[in-house]
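Everything on this sheet refers to the single structure shown next.
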Amino acid sequence: MQSLGGLPGVKKIHRSHAIFSALGTFAAVATILACAPTPARAPSTADDAPGYDAADMLARAIRIATVNPPGDEAPLARLFVELLRDAGVEAELVETPAAGSRVGRAAAWGRLRGRGRRPAIVLLSHLDVVPANPQEWSVDPFAGERVGEYVVGRGAIDAKGVAVVHLLAVAELARRGVALDRDVIFLSTPDEELGGELGAGYLVRERKDLLRDAGYLLTEGGGVLVRDEGEATVWGVAITEKSPCWLRLESRGTPGHSSVPGRDAAVPRLIAALYRVQNQEAPVRVIPAVAAMFAALAPLAPEEDRPGFANLASSLELDPAFRARFLSNLQYAALVRNTVTPTVLEGSPRTNVVPAVATAQLDARLLPGESCTHYSDQLRTVLADPGITIERILHFSSESSSADTPLFRAIERVAARTDPESLVVPRVLAGFTDAHYFRAQGITAYGFVPRWYSVDDLRSVHGPDERVSVANLERGVATLIAILKELDRVEASETGGRGDGVDLHFSQAPGPVDR
């Protein structure tokens with residue numbers, strides 16, 4: 001894939017907009033990880049060579065089919081549990097609901113014991129993947145092939161590659177005998193691609209013991225964006241995300257033969273209502289996290305937009321030219337207003353039959369603080385047809401995590417050592433991940449996996465030829481270990497070496513936990 005910067009006639013300012021678009025949005029599952037060429041500076045670590053083959057492990061994971069639906073994640077979860085136990089890490093296969101399906105659904109959990117001085121940190125990933133059409137790929141999407149320096153296959157980025165980085169970091173710490181001030185919890189769950197209710201949501205509700213003493217969490221949703229040669233890399237750390245409000249509209253009318261159409265046919269009524277939905281203009285609202293994100297990015301913006309980025313709310317209100325430029329970028333606009341997209345339409349199964357019922361599914365994404373109930377009430381007014389009913393399919397509130405924490409500062413310190421010119425930015429996702437389940441429990445959750453990607457790399461997420469470089473996998477493991485160690489140092493320096501007084505309620509000796 002050719003980068004924007006390499007295309008003839010593409011000006012540098014266009015690449016700047018593409019970079020900000022990558023930072024400002026997320027695909028349906030919301031993962032922003034990538035497979036970029038090796039950066040000039042590698043992570044600074046003094047540890048000995050790793051005792052694993054990251055590419056081989058990812059290839060094995062890709063070959064275990066976990067397309068959701070139906071999922072069938074149990075075989076992959078079992079593999080991860082076995083690998084953790086082989087590394088001497090306490091691990092458990094956690095069965096989860098199958099919701100009527102006959103396939104096996106499960107999560108992989110492991111806990112690497114530390115000194116127990118501080119709250120545990122969760123490394124969260126997911127086992128399921130979206131479908132892949134082999135005809136659109138240059139290789140079998142489920143063969144886990146290594147092509148040159150890349151592992152290619154569905155899930156290489158989203159999110160089996162994340163799980164492998166997490167698992168190998170835990171295994172390496174165990175192999176080296178590193179005792180951190182906290183436990184490290186590995187958790188890879190099913191069902192994320194369909195909202196996570198049968199995965200992370202179930203575990204948070206029913207297996208709180210797996211998260212005992214957890215204070216921090218790292219998951220998908222951010223990474224390191226590689227820019228042009230000589231320009232600073234951007235470490236995007238997601239601190240919040242928009243929430244889904246998935247709705248099903250149902251229109252009813254008089255059925256019959258299409259040669260004699262009725263005046264209240266279901267399909268035309270639905271189409272007219274959807275037209276009104278698509279032509280509404282959502283109001284602009286700048287939440288503090290979005291304002292902080294664009295303010296942090298202001299030094300990298302095109303010169304004419306720097307003042308607007310630095311003072312986003314007032315500029316959108318008072319500067320018409322900036323407002324027009326900003327809102328013309330769909331990725332930017334999605335971060336300052338609610339969005340809605342019709343995605344699924346169903347009517348008659350036959351061309352010559354007028355159906356009694358027509359339905360549409362809408363994917364609405366709401367800014368943090370917005371209510372799906374309130375949005376649905378507003379939508380009824382827009383539909384302007386009392387004969388169309390609204391049913392909620394999926395919804396949950398959005399939570400935020402503060403960027404003023406020892407974990408965020410640990411990421412900043414590692415970024416400064418890895419690349420002194422880097423910029424660490426708190427991000428807001430236009431999509432969603434499973435992080436919200438854990439934020440709702442009071443856990444500080446960030447979307448960040450240390451991997452380096454270009455703007456073009458993002459296009460393979462949920463698309464053909466999804467791939468990740470072997471170098472990125474290995475750097476990701478080394479950098480994640482560096483962040484975990486740095487977190488200990490940051491907290492020790494900020495508390496004078498004392499623990500935070502958390503009552504851990506369990507023995508620090510390795511071994512099975514009483515349940």
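The values are calculated or read from the model by the stated rules, or taken from the named source; none is laboratory data. Nothing here was measured: the structure is a model prediction, and the numbers come from that model. Note that we place each Cβ from the backbone using ideal geometry, even for glycine, and neighbour counts take in every protein chain shown.
The set of residues from region 294-329 being part of a helix (DSSP H, G or I) and in contact (Cβ under 8 Å) with a residue 40 or more places away in the chain comprises 296, 297, 299, 300, 327.
Residue check: is residue 41 farther than 26 Å from residue 182 by Cβ, modelled with pLDDT of 95 or more, over 23 Å from the mean Cα position of the chain (by Cα) and not β-branched (Val, Ile, Thr)? Before the answer, list the steps.
Details: farther than 26 Å from residue 182 by Cβ: yes; modelled with pLDDT of 95 or more: no; over 23 Å from the mean Cα position of the chain (by Cα): yes; not β-branched (Val, Ile, Thr): yes.
Spelling it out, it is not the case that residue 41 is farther than 26 Å from residue 182 by Cβ, modelled with pLDDT of 95 or more, over 23 Å from the mean Cα position of the chain (by Cα) and not β-branched (Val, Ile, Thr).
Using the structure shown, decide if residue 141 is in contact with a Pro (Cβ under 7 Å, 6 or more places away or on another chain) and either buried (at least 22 other Cβ atoms within 10 Å of the Cβ) or aliphatic (A, V, I, L, M) (or both). Before the answer, list the steps.
On the way: in contact with a Pro (Cβ under 7 Å, 6 or more places away or on another chain): yes; either buried (at least 22 other Cβ atoms within 10 Å of the Cβ) or aliphatic (A, V, I, L, M) (or both): yes.
So residue 141 passes the test.
The set of residues in region 299-312 that are surrounded by fewer than 18 Cβ atoms within 10 Å (Cβ to Cβ) and touching a helix residue (DSSP H, G or I) at 6+ places or on another chain (Cβ under 6 Å) comprises 302, 306, 310.
Considering the conditions (1) in contact with a Lys or Arg (Cβ under 6 Å, 6 or more places away or on another chain); (2) under 30 Å from residue 253 (Cα atoms), residue 388 is excluded by exactly one of them, (1). Just to check your reading of the model, which residue among 266, 238, 200, 214 is surrounded by 19 or more Cβ atoms within 10 Å (Cβ to Cβ) and under 20 Å from residue 357 (Cβ atoms)? Residue meeting the stated conditions: 266.
Here residue 135 fulfils each of the conditions (1) buried (at least 24 other Cβ atoms within 10 Å of the Cβ); (2) over 28 Å from residue 198 (Cα atoms) apart from (1).
State whether the residues of region 471-489 include one that is hydroxyl-bearing (Ser, Thr, Tyr) and surrounded by fewer than 24 Cβ atoms within 10 Å (Cβ to Cβ). Lay out the reasoning, then the answer.
Filtering region 471-489 down to residues hydroxyl-bearing (Ser, Thr, Tyr) leaves 479.
With surrounded by fewer than 24 Cβ atoms within 10 Å (Cβ to Cβ) added as a condition, the list becomes none.
No, region 471-489 contains no residue that is hydroxyl-bearing (Ser, Thr, Tyr) and surrounded by fewer than 24 Cβ atoms within 10 Å (Cβ to Cβ).
For residue 358, are the conditions met, namely being assigned to a helix (DSSP H, G or I), among the small types (Gly, Ala, Ser), surrounded by 14 or more Cβ atoms within 10 Å (Cβ to Cβ) and touching a Pro at 6+ places or on another chain (Cβ under 9 Å)? So residue 358 does not fit the description; no.
Give me the residue from region 89-113 that is small (Gly, Ala, Ser) and touching a strand residue (DSSP E or B) at 6+ places or on another chain (Cβ under 7 Å) and, out of that set, surrounded by the fewest Cβ atoms within 10 Å (Cβ to Cβ). Of everything passing the filter in region 89-113, 91 is surrounded by the fewest Cβ atoms within 10 Å (Cβ to Cβ).
Within region 58-76, can one find any residue that is more than 15 Å from residue 173 (Cα to Cα), hydrophobic (A, V, I, L, M, F, W, C) and touching an Asp or Glu at 6+ places or on another chain (Cβ under 6 Å)? Within region 58-76, not a single residue is more than 15 Å from residue 173 (Cα to Cα), hydrophobic (A, V, I, L, M, F, W, C) and touching an Asp or Glu at 6+ places or on another chain (Cβ under 6 Å). Once region 330-344 is narrowed to residues that are touching a residue at least 40 places away in the same chain (Cβ under 8 Å) and assigned to a strand (DSSP E or B), the residue that is nearest to residue 248 (Cα to Cα) is 342.
Inside region 455-470, can you point out the residues that are hydroxyl-bearing (Ser, Thr, Tyr), over 17 Å from the mean Cα position of the chain (by Cα) and either part of a helix (DSSP H, G or I) or surrounded by fewer than 23 Cβ atoms within 10 Å (Cβ to Cβ) (or both)? Correct list: empty.
On the stretch given as region 402-432, residues that are farther than 17 Å from residue 490 by Cβ, in a loop (DSSP other than H, G, I, E, B) and at pLDDT 95 or above total 0.
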